[in-house]
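The structure appears right after this line, and notes come after that.
Read-outs throughout are calculated quantities, based only on the coordinates presented, and are distinct from any laboratory measurement. What you see is a predicted model; the values in this text were computed from it and never measured. A quick note on method: Cβ atoms are made from the backbone with ideal geometry, for glycine too, and the neighbour counts reach across all protein chains shown.
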């Protein structure tokens, strides 16, 4: 059993936080003492488009636990580029890879806008991962809580990614996301689906995803580019 645990931890920390999806998190944490830089660019496609840029530094604390700090910037169409928020995140692997049918990981995130009139946000995810042959499946049940100032808002949702690894350097996949927002007696929902493509070389990876909106309350579409570099 001890050998299985060691092998599971080693497999999950190989290649650090190589991500094959842009909306869905996989079962992975950064190896202890290792740091990684991730750059995000997200474009929300509507009548008036908006761009969001995230700079993330993540660091491995133990073989099963890591921590990240984000700085988030936005540029709505026709407006100035500005600092929008900061965010902290931690992930903890609940079991070694391969022991359970799904590999489980707990994800906790806190986000605060620079505009103090906007609400605080806490996000909790259960990340479930599964590899079978060259296929990779990731399922993320999501709970988000917004509070202070104003009335609290609860949001439930999911992110799901299914990919095929042609090799470590190249994979294709499809992702789908859904959110249900509850505020007072009102409920709002949004759904998305679309393809993802990912390349990797050495300690750098590039992943691009596009999803189309399937509901009136969400964006018409979203595009995200993700670049990860092990430092």
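Within segment 44-120, the proportion of C-alpha pairs whose separation exceeds 20 Å stands at 50%.
Taking neighbour Cβ counts within 10 Å as the exposure measure, how do 42, 114 sort from fewest upward?
Details: 42 19, 114 12.
Neighbour counts put them in this order, fewest first: 114, 42.
Per the Debye calculation on the chain with a single equal scatterer at every Cα and no solvent contribution, log₁₀ I(q)/I(0) for q = 0.07, 0.10, 0.14, 0.18 Å⁻¹ amounts to -0.23, -0.47, -0.95, -1.61. Ranked for footprinting exposure by Cβ neighbours inside 10 Å, fewest first, 35, 217 give 217, 35.
Distance from the C-alpha centroid of segment 31-58 to that of segment 133-149: 16 Å, rounded to the whole angstrom. Give me the percent relative contact order of segment 2-230, please, defined on Cα pairs under 8 angstrom at least 6 residues apart. For segment 2-230, the relative contact order is 19 percent. Placing pseudo-labels 7 Å out from each Cα toward the beta carbon at residue 77 and residue 148 gives an inter-label distance of 3.7 nm.
Each Cα pair of segment 42-179 feeds into the Kirkwood radius, which the Stokes-Einstein equation turns, at 25 °C and 0.890 mPa s, into a diffusion coefficient of 142 µm²/s.
Extending 7 Å from Cα along the Cβ direction at residue 120 and again at residue 39 yields two label points whose distance is 3.3 nm.
Express in whole angstrom the spacing between the alpha-carbon centres of segment 108-130 and segment 156-231. That distance is 17 Å.
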